[in-house]
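Take a look at the structure set out below.
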């Protein structure tokens, strides 16, 4: 994984965005990596993951901090899972994703959705799950490891080799940039 900082970033306090912060001793992984001040570009993959997370937040307007949906709990982060799948096992991946539709909510995640390839690349699928915090995500992961149906779904995917590669990114909304409507009115 490439490093996108020219110098080691400094901790600015919670919410922590600096891995291995010595000031707070949290050691929390970064929520988002940012390009350097010199204009170092992010990768296509990182851009797509960020866009997918923002689309999820827009679809479920309570993903921003301070909203009162979900019984007063704000969904502050979105876990964007990028899957490289075997394109000849699209239907098997669809079954895998449908299974998560039952499992994820039972284990504490807010399932935004799973997305199969439609047009363009035929081997990339996405899963988006919202959480209140990274701590909530870690508790969810612990519940997944002990859930019988979850373990069965992982085993099915492993045995059929439908997932060739998986990566996770966590995105959050940038204040002042969320749900800004278009100012252009009319047809064009």
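The values are calculated or read from the model by the stated rules, or taken from the named source; none is laboratory data. As the structure is a computational prediction, the values presented were derived from the model and not from experiment. Heads up, the Cβs are rebuilt from the backbone with ideal geometry, glycines too, and the neighbour counts pull from every protein chain shown.
Things worth noting here:
- Restricting the stretch 101-111 to residues that are more than 15 Å from the chain's Cα centre (by Cα) and buried (at least 18 other Cβ atoms within 10 Å of the Cβ), the residue that is nearest to residue 157 (Cα to Cα) is 103.
- Qualifying position, being part of a helix (DSSP H, G or I), under 19 Å from residue 82 (Cβ atoms) and in contact with a helix residue (DSSP H, G or I) (Cβ under 6 Å, 6 or more places away or on another chain), among 114, 96: 96
- Single match in 118, 114 (criterion: within 23 Å of residue 98 (Cα to Cα) and buried (at least 16 other Cβ atoms within 10 Å of the Cβ)): 114
- Residue within the stretch 62-81 that is at pLDDT 95 or above and closer than 21 Å to residue 155 by Cα present: yes
So that you can scan it fast, the table gives a plain yes or no per residue for (1) closer than 21 Å to residue 93 by Cβ; (2) touching a helix residue (DSSP H, G or I) at 6+ places or on another chain (Cβ under 8 Å); (3) not in a helix (DSSP H, G or I):
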{"residue": "108", "(1), (2), (3)": "no, yes, yes"}
{"residue": "128", "(1), (2), (3)": "yes, yes, yes"}
{"residue": "144", "(1), (2), (3)": "yes, yes, no"}
{"residue": "159", "(1), (2), (3)": "yes, no, no"}
